[in-house]
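Okay, so here's the structure we're looking at.
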Amino acid sequence: MALDFPASPTTGQIFTSGAASWRFDSVKWVAHGTAARYVVACFVPGVLTASQLLLEHRVSKAIEIPANFSVAVGHASQARGTVAATASTTIVVRKATSGAPGTFSDVGTIVFAAAAVTGTFTTSGGAAVAFAVGDTLALVAPATPDATFANFAATLAAAES
């Protein structure tokens with residue numbers, strides 16, 4: 001079977017076919033099959049509250065979340081609730097470096113459309129996001145949460161870098 005690599009890849013983008021992965025280094029696709037997966041998950045019962053901290057995870061290995069949370073070493077990031085949102089609901093994915101652990105920047109989102117229970121992931125600028133050992137990954141609920149969306153669960157997949 002011929003491989004069908006993306007026509008306009010971004011630097012750091014990971015392409016997976018079957019059990020093998022390749023990473024675009026800004027010039028060419030390089031075998032990326034030796035990386036191990038890194039998975040972080042959370043569950044928050046009930047209806048979300050304003051700007052609620054849903055997850056705070058200190059990264060124990062250098063990792064990279066692929067562009068727009070695409071498949072990482074055979075694993076896909078997933079998010080859901082058990083009660084649908086009545087309006088669009090955006091969970092913010094944030095990063096703080098180990099050198100400035102109290103200063104977070106937004107690096108992506110998980111958006112639940114109105115009447116949806118599954119989320120759509122995007123990274124800022126559609127680019128891969130690198131985390132160094134000691135950096136912090138956080139998920140934060142919207143400042144004005146949906147009144148019905150409940151029981152948020154997320155699994156974030158990355159590759160060790």
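The values are calculated or read from the model by the stated rules, or taken from the named source; none is laboratory data. Please read all numbers here as calculations on a predicted model, not as lab measurements. Positions of Cβ are generated from backbone atoms using ideal geometry, with glycine treated the same way; all protein chains shown enter the neighbour counts.
A few notes on this one:
- Considering residues of the stretch 107-119 that are in contact with a Lys or Arg (Cβ under 8 Å, 6 or more places away or on another chain) and part of a loop (DSSP other than H, G, I, E, B) only, the residue nearest to Val92 (Cα to Cα): Gly119
- Asp135 within 12 Å of Val92 (Cβ to Cβ) and charged (D, E, K, R): no
- Failed condition for Val30, given (1) over 24 Å from Ile91 (Cα atoms); (2) in a loop (DSSP other than H, G, I, E, B): (2)
- Boolean, Thr122 is assigned to a loop (DSSP other than H, G, I, E, B) and not charged (D, E, K, R): no
- Where Ser51 falls short, out of the listed (1) at pLDDT 95 or above; (2) crowded, with 19+ Cβ neighbours inside 10 Å; (3) on the phi > 0 side of the Ramachandran plot: (2)
- Residue check, Val73 within 16 Å of the chain's Cα centre (by Cα), at positive phi and aliphatic (A, V, I, L, M): yes
- The residues of the stretch 32-48 that are at pLDDT below 95 and either touching a strand residue (DSSP E or B) at 6+ places or on another chain (Cβ under 6 Å) or surrounded by 11 or more Cβ atoms within 10 Å (Cβ to Cβ) (or both), listed by number, are His32, Gly33, Ala35, Ala36, Arg37, Tyr38, Val39.
- Looking only at residues in the stretch 110-126 that are among the polar types (S, T, N, Q) and touching a residue at least 24 places away in the same chain (Cβ under 8 Å), the one that is surrounded by the most Cβ atoms within 10 Å (Cβ to Cβ) is Thr123.
Results for (1) in a loop (DSSP other than H, G, I, E, B); (2) hydrophobic (A, V, I, L, M, F, W, C); (3) touching a residue at least 40 places away in the same chain (Cβ under 8 Å), shown as yes or no for each residue.
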{"residue": "Leu55", "(1), (2), (3)": "no, yes, yes"}
{"residue": "Ala79", "(1), (2), (3)": "no, yes, yes"}
{"residue": "Ala87", "(1), (2), (3)": "yes, yes, yes"}
{"residue": "Leu137", "(1), (2), (3)": "no, yes, yes"}
{"residue": "Pro145", "(1), (2), (3)": "yes, no, yes"}
{"residue": "Asn151", "(1), (2), (3)": "no, no, yes"}
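- Single residue of Val93, Val129 found to be in contact (Cβ under 8 Å) with a residue 12 or more places away in the chain and closer than 20 Å to Pro9 by Cα: Val129
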